[in-house]
1. Across segment 117-140, what is the total count of residues that are of a type outside the set (A, V, I, L, M) and surrounded by fewer than 16 Cβ atoms within 10 Å (Cβ to Cβ)?
2. Exactly one condition in (1) in the same structural domain as Gly239 (by TED's automatic domain parsing); (2) more than 20 Å from Ala141 (Cα to Cα); (3) crowded, with 16+ Cβ neighbours inside 10 Å is false for Ser96; which is it?
3. With the condition being surrounded by 15 or more Cβ atoms within 10 Å (Cβ to Cβ) and either touching a Lys or Arg at 6+ places or on another chain (Cβ under 8 Å) or at pLDDT 90 or above (or both), I'd like the helices (runs of 4 or more DSSP H) fully within segment 157-250 carrying at least 2 qualifying residues.
4. Could you pull out the residue among Leu72, Leu65 that is in contact with a Phe, Trp or Tyr (Cβ under 9 Å, 6 or more places away or on another chain) and assigned by TED's automatic domain parsing to the domain that holds Val228?
5. Pull up segment 20-60, narrow it to residues that are assigned to a helix (DSSP H, G or I) and of a type in the set (Gly, Ala, Ser), then point me to the one that is nearest to the chain's Cα centre (by Cα).
6. Taking segment 47-66, which residues are surrounded by 14 or more Cβ atoms within 10 Å (Cβ to Cβ) and polar (S, T, N, Q)?
7. Does segment 226-237 hold any residues that are hydrophobic (A, V, I, L, M, F, W, C), free of Cβ contacts under 8 Å to residues at least 60 places away in the same chain and within 17 Å of Pro42 (Cα to Cα), and which are they?
Amino acid sequence: MSDPRERIRVSARLREGALGLLPILGLVGIWQAVVSLGLAPPALLPAPGTVLARCLAQFANPEFLGHAGATLSRLAVGFLAALVLGVGIGILAAASPGVLAVVRPLVRVLAPVPKVALYPAFILTLGFADASKIALVVADAVFPILLATLQGAAMVEPKLVWAARAAGTSPRAALLRVVLPATLPSILTGARIGLVVSCIVVFLAEMITSTDGLGYLLVRAARSFQTVDMFVPLIAISGLGLLLNGALGLARGRLLRGFPEEG
């Protein structure tokens, strides 16, 4: 890490990470104060230390890890499918006025619809297994990715495409070599939003109908009034989202290293 600019970027990220911990520590402090002052009964709000001890025990439990793996699998498949669909449709719509004329009104109508309302239809058509949950993740996560792709493609300088076409590049090659790379910052921003949405939706789907996964564990604990065990899946899905978002952030830094805003 001999590059001074790289050292500055790493230092800035470390400071941001340290500052980001402060609100979390403050929230835990308030939680502990509420418990210590007896403002909430332990049966409803266990102490942070009790929850932490249970988390450490469960994170080493193969059964719990199996449930977490089921959630991660559904999340990954749904998010990647949404990413492919969102980017693919967005780039095609940017390249073709006809496709854009079809896509734009559909997005305006469907994007505001709460996709969880479609979940019963997904269950009826795809069953109670993973397919219906993955379909719900795709239906919810695809729109922020698609909208970000459309926005990014609309901001590409037309002169770049004209120059590529004048140099003999085919329309398809110009789309892949000029428009797609220039749209990458917007795509990755939409992907980070879609990832957060995917975490929320897969957890919700497992709460509604599932026999495994982190959402199922929360519902199972709630039915038996095991409040400590209710906190563990919530912390696990939060940590999982944090790790995935961090990984996507690292990938963004590498992919956009040559862009001015990343310099």
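1. Just the residues of segment 117-140 that are of a type outside the set (A, V, I, L, M), to begin with: 119-120, 122, 125, 127-128, 130, 132-133, 140.
When the remaining residues are screened for being surrounded by fewer than 16 Cβ atoms within 10 Å (Cβ to Cβ), the result is 120, 125, 127-128.
Matching residues across segment 117-140 total 4.
2. Looking at each condition in turn, Ser96 falls short on (3).
3. On the way: elements: 158-166, 171-174, 180-208, 214-223.
Helices (runs of 4 or more DSSP H) meeting the threshold: 180-208, 214-223.
4. On the way: Leu72 fails: in contact with a Phe, Trp or Tyr (Cβ under 9 Å, 6 or more places away or on another chain).
Within the list Leu72, Leu65, the selection yields Leu65.
5. If we filter segment 20-60 for residues that are assigned to a helix (DSSP H, G or I), which is where we start, we get 20-36, 48-59.
Within this subset, residues satisfying the condition of being of a type in the set (Gly, Ala, Ser) are 20, 26, 29, 33, 36, 49, 53, 57.
Numbers: Gly20: 19, Gly26: 25, Gly29: 28, Ala33: 32, Ser36: 35, Gly49: 29, Ala53: 27, Ala57: 27 Å.
Only one residue tops the list, namely Gly20.
6. Those that are surrounded by 14 or more Cβ atoms within 10 Å (Cβ to Cβ) and polar (S, T, N, Q): Thr50, Gln58.
7. We begin by selecting, within segment 226-237, every residue hydrophobic (A, V, I, L, M, F, W, C); these are 228, 230-232, 234-237.
Going one step further and asking which of them are free of Cβ contacts under 8 Å to residues at least 60 places away in the same chain, we end up with 230, 234.
The one that is hydrophobic (A, V, I, L, M, F, W, C), free of Cβ contacts under 8 Å to residues at least 60 places away in the same chain and within 17 Å of Pro42 (Cα to Cα): Met230.
The values are calculated or read from the model by the stated rules, or taken from the named source; none is laboratory data. Given the structure is predicted, the values throughout are model-derived calculations rather than measurements. As a convention, Cβ positions derive from the backbone with ideal geometry for all residues, glycine included, and neighbour counts pool all protein chains shown.
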